[in-house]
1. Just one of the numbered conditions (1) of a type in the set (S, T, N, Q); (2) surrounded by fewer than 17 Cβ atoms within 10 Å (Cβ to Cβ); (3) part of a strand (DSSP E or B); (4) out of contact with any Asp or Glu (no Cβ under 9 Å at 6 or more places or on another chain) is not true of Asn351; which one?
2. Return yes or no: is Gly203 in contact with a strand residue (DSSP E or B) (Cβ under 7 Å, 6 or more places away or on another chain), at pLDDT below 90 and over 16 Å from Leu113 (Cα atoms)?
3. From (1) outside any loop (DSSP other than H, G, I, E, B); (2) under 30 Å from Leu94 (Cβ atoms), pick out the condition that doesn't hold for Tyr174.
4. Any chance region 132-147 includes a residue that's under 25 Å from Phe178 (Cα atoms), aromatic (Phe, Trp, Tyr), in contact with a Phe, Trp or Tyr (Cβ under 8 Å, 6 or more places away or on another chain) and surrounded by 18 or more Cβ atoms within 10 Å (Cβ to Cβ)?
5. Show the residue pairs that are 6+ apart or on different chains and have beta-carbon atoms under 9 Å apart, the first residue being within region 201-216 and over 13 Å from Asp171 (Cα atoms), the second being β-branched (Val, Ile, Thr).
6. Please identify the pairs in which a residue from region 258-270 that is closer than 9 Å to Ser232 by Cα has its Cβ atom under 7 Å from the Cβ atom of a residue that is surrounded by 12 or more Cβ atoms within 10 Å (Cβ to Cβ) and polar (S, T, N, Q), counting only partners at least 6 apart or on another chain.
7. Do any residues in region 51-67 that are more than 24 Å from Lys24 (Cα to Cα) have Cβ atoms under 6 Å from those of residues that are crowded, with 19+ Cβ neighbours inside 10 Å and β-branched (Val, Ile, Thr), where the two are at least six apart or on different chains, and which pairs are they?
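The values are calculated or read from the model by the stated rules, or taken from the named source; none is laboratory data. Bear in mind that the values here come from a model prediction, so they are computed numbers and not experimental data. Quick reminder, even Gly has a Cβ in these numbers, built from the backbone with ideal geometry, and neighbours come from all protein chains shown.
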Amino acid sequence: MKHKKIWYLLFFSLGSLSLLTAQKIKIDGELRTRGELRSGFRKPLADSLDAAYVNNLRVRLGATYSEKDYKVKITLQDTETYGSNGINKTGNNLGVYEAWAEYFFTPEFSGVLGRQILEYDDKRLFSSGNWSNTPNAHDLLKLKYETAKFKAHVGGGWNNAADVLYESVYDKSYKSLFYTWIYKPIGKFTASAIWVNEGFQKGEAPEEVKTSIFRNTVGANFGLDDRSIPFSFYATGYYQFGYDRSDSKLDACLLALKTNYRFSDFISANVGVDYFSGSKSTLSKTKDHTFNKLYGANHFFNGSMEYWATLPKQGLLDLYGGVSVKANSKLSFDGGFHTFSTAEKMENRNNKGIGSEIDLLADYKFSQSLSLQAGWSTYMKNKGTRILKDQIGIDTKFPQWAYIMITFKPVFFSTKAEN
């Protein structure tokens, strides 16, 4: 009942406001449900266990209000797994996903304050993680300068677990975050650079806590996307230094290249490679060469079955290729193949191979507001897979995962902003 009152109050408030400012508001929503068959998702499933059938639901209600000098957005979100609260719901999953205000000091320069989504470049470091039922959002201040020929963002935040009176342990994510990002189109090419500094606390008791562990990630992206030619590419390079969360000295990198060739308006193919540095088994515990993916879109890189969403300490080499087919304006198909190996050798094993994966996906858009997506994936495991997943000597099932997802995004009210 409490949740219903909140939804009703938001609808009433925004509806009343729209009568006064009829050209500056948008009220929209999302209802997304996904059913999954998990029989070896993220790790091989032991023969003694049965596959899981899971249904998840995500519901959102959002409101965006715009004036000449500012813009405000609030998004409420409720998430659940079907059956988790029985037939008499007592859980409290409703929360604020987005709540931010942007003020335009000039048409090019603005500041955004509040809980907001961060997404940059190909979403490797920062992404909403929209696939997840509980995606990412950050509490921070962001300054933006944007023109048609140049973009620059600077952001920062400082986190606490509660309204504290003295410095306390914070272990939900980073304690502090500072980043800067610049983007520049160069003819048919695009170039960007980013620096991310994260601060983590050291110590457990309040009197021991110090924000003295800092992890830095710097790097750049360079791409070509010219519709007048069939070939495109996107190259990425990141270097991490400082210290990891266990206070080990960090020295790691990520190198990636994705190429795409468009045979026609309906068929294209891609080939790529991702290299994440790793740590040798003989490396001192005070050092770390394993790259950390930060807050990126893990589901859309390195295989849909998410076996290596969290990288093994030995790092990862992913060689992949895929084909995309656009049957018509509503229906499309994608198929991909990945072969995985570690960047460094595992202890007492010369072969770096850790398996391969096939991903198949179909997407059908009924309209702008309603879409249906289905997928199936399988993982070809080997001894390296079993070692890294701690399943030596365990009989496992044939790894496969399938899903069907329905997404409905209604727009309840929308008007054009005044010029």
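1. (3)
2. The answer is yes for Gly203.
3. Looking at each condition in turn, Tyr174 falls short on (1).
4. no
5. Here the result reads Glu208/Val169; Arg215/Val196; Asn216/Val196, each pair linking region 201-216 to a residue that is β-branched (Val, Ile, Thr).
6. Sorted first by the residue in region 258-270, then by its partner, the pairs are Lys258/Asn270; Thr259/Asn270; Asn260/Ser232; Asn260/Ser268; Asn260/Asn270; Tyr261/Ser268; Arg262/Ser268.
7. Arg58/Thr79
For every residue, the table says whether it meets (1) within 20 Å of the chain's Cα centre (by Cα); (2) farther than 26 Å from Asp139 by Cα.
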residue	(1), (2)
Trp195	yes, no
Pro206	no, no
Ala220	yes, no
Phe231	no, yes
Tyr243	no, no
Gly272	yes, yes
Phe276	yes, yes
